[in-house]
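Enquirer: The structure is given below, and queries will be raised subsequently.
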Amino acid sequence: MVSSSLHPMKTAFITGITGQDGSYLAEYLLKQGYKVVGMMRRSATPSTARFAAIEDQVEIGHGDLLDQSSLMRLLDQHKPDEIYNLAAQSFVHSSFHEPVHTGSVTGLGVIRMLEAMRLVCPQARFYQASSSEMFGEVQETPQRETTPFHPRSPYGVAKVYGHWATVNYRESYDMFACSGILFNHESPRRGLEFVTRKISDHVAAIVFGEKDKLALGNLDARRDWGFAGDYIRAMHLMLQQDTADDYVISTGTTQSVREFCRIAFERVGLNYEDFVVVDPRFFRPAEVELLLGDASKAKEKLGWEPEVDFQGLVEMMVDADLQRRLDRFQKPQRGTLPAGVKSS
């Protein structure tokens, strides 16, 4: 049974608030009446662009998943009711170049946060951002909560560690700790290093005459892509249940990188084959060919359903990157602007 989602006095603590998911989650929780505290690493140039519209409503605390004392200090200061651990070194390609750093942040960072919570605020509810990359070389299709893990990157390996640490703290200390095994989820706020945003940004750049080609790796890799704004609702729902559990969050459909390109270029009246080139530099050392999730458990127990379909997601991302360039008062040089993109 789900309790009421409106809790005016509840405090949510979000690591990774500067990222795609953290910014959407912060907006959503503020609308639910939460006090939102976001953890950021101290930096000379803070990256708050993704949540600039709500920055004055969010309290920022400086801390780092590499420094457990900072986590304990922040949890003691804010005494949150809910903790959302979204921070990570989250780029799979980079994890092959920085495997130790990825393990320390994305893997050990989880147990640092869990241990801080156990010592400071054990009654809080904890959400861990697990990943479909944990399945890697998939043992069954579609993948569900019981599918064995076989990660194919240092990032996936680190996420498996964090996932099982969450299960262990739940079982060992009776803590309310759950993991959302989220499949790929994208948005206009996705980082440019991710293939989906790379595609949408290059489409806009090509329309405005800034680029001529788009170099990609494996065009036939298939993913279960959803909209990040839908997926953060599932995170919140998990922490409103009577008992903690783990859930796969996905659309249950799969498309290739090639299909993403086709829709993105068609949005501006262009043929992707005229612009996309395959570059071996962007192939992974160990490729994950097919990820397809079964979110039946989340639909049944959480009442969660995705609202944005694949085509709507791709078009949303292309439109946003076109709008960014229009806002800089440039004029398109090729292709056509979709009706939803405002040039005034």
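The values are calculated or read from the model by the stated rules, or taken from the named source; none is laboratory data. Just so it is clear, the model here is predicted, and its values are computed rather than measured. Ideal geometry is used to build each Cβ from the backbone, glycine not excepted, and the neighbour counts take in all protein chains shown.
Enquirer: Tell me, which helices (runs of 4 or more DSSP H) lie completely within the stretch 54-114 with 2 or more residues that are modelled with pLDDT under 95, within 17 Å of TYR155 (Cβ to Cβ) and touching a helix residue (DSSP H, G or I) at 6+ places or on another chain (Cβ under 9 Å)?
Expert: It comes to 92-97.
So that you can scan it fast, the table gives a plain yes or no per residue for (1) under 12 Å from the mean Cα position of the chain (by Cα); (2) in a helix (DSSP H, G or I); (3) within 18 Å of ARG50 (Cβ to Cβ):
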| site | (1), (2), (3) |
| --- | --- |
| ALA165 | no, yes, no |
| ARG189 | yes, no, yes |
| THR196 | no, yes, yes |
| LEU219 | no, no, no |
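Enquirer: Name every residue in the stretch 205-232 that is in contact with a Pro (Cβ under 9 Å, 6 or more places away or on another chain) and farther than 19 Å from MET134 by Cα, in order of residue number.
Expert: Residues satisfying the conditions are VAL207, PHE208, GLY209, GLY217, PHE227, ASP230.
Enquirer: Please indicate, with yes or no, whether at least one residue in the stretch 115-122 is of a type outside the set (A, V, I, L, M, F, W, C) and under 19 Å from the mean Cα position of the chain (by Cα).
Expert: No, there is no match, as no residue in the stretch 115-122 is of a type outside the set (A, V, I, L, M, F, W, C) and under 19 Å from the mean Cα position of the chain (by Cα).
Enquirer: Counting only residues that are surrounded by fewer than 24 Cβ atoms within 10 Å (Cβ to Cβ) and not in a strand (DSSP E or B), how many does the stretch 120-135 have?
Expert: The first filter runs over the stretch 120-135 and keeps only residues surrounded by fewer than 24 Cβ atoms within 10 Å (Cβ to Cβ), leaving 120-125.
Add one more test, that the residue is not in a strand (DSSP E or B), and what stays is 120-124.
Count: 5.
Enquirer: OK, next. Could you tell me whether any residue of the stretch 269-281 is modelled with pLDDT under 95 and crowded, with 16+ Cβ neighbours inside 10 Å?
Expert: Taking every residue of the stretch 269-281 in turn, none turns out to be modelled with pLDDT under 95 and crowded, with 16+ Cβ neighbours inside 10 Å.
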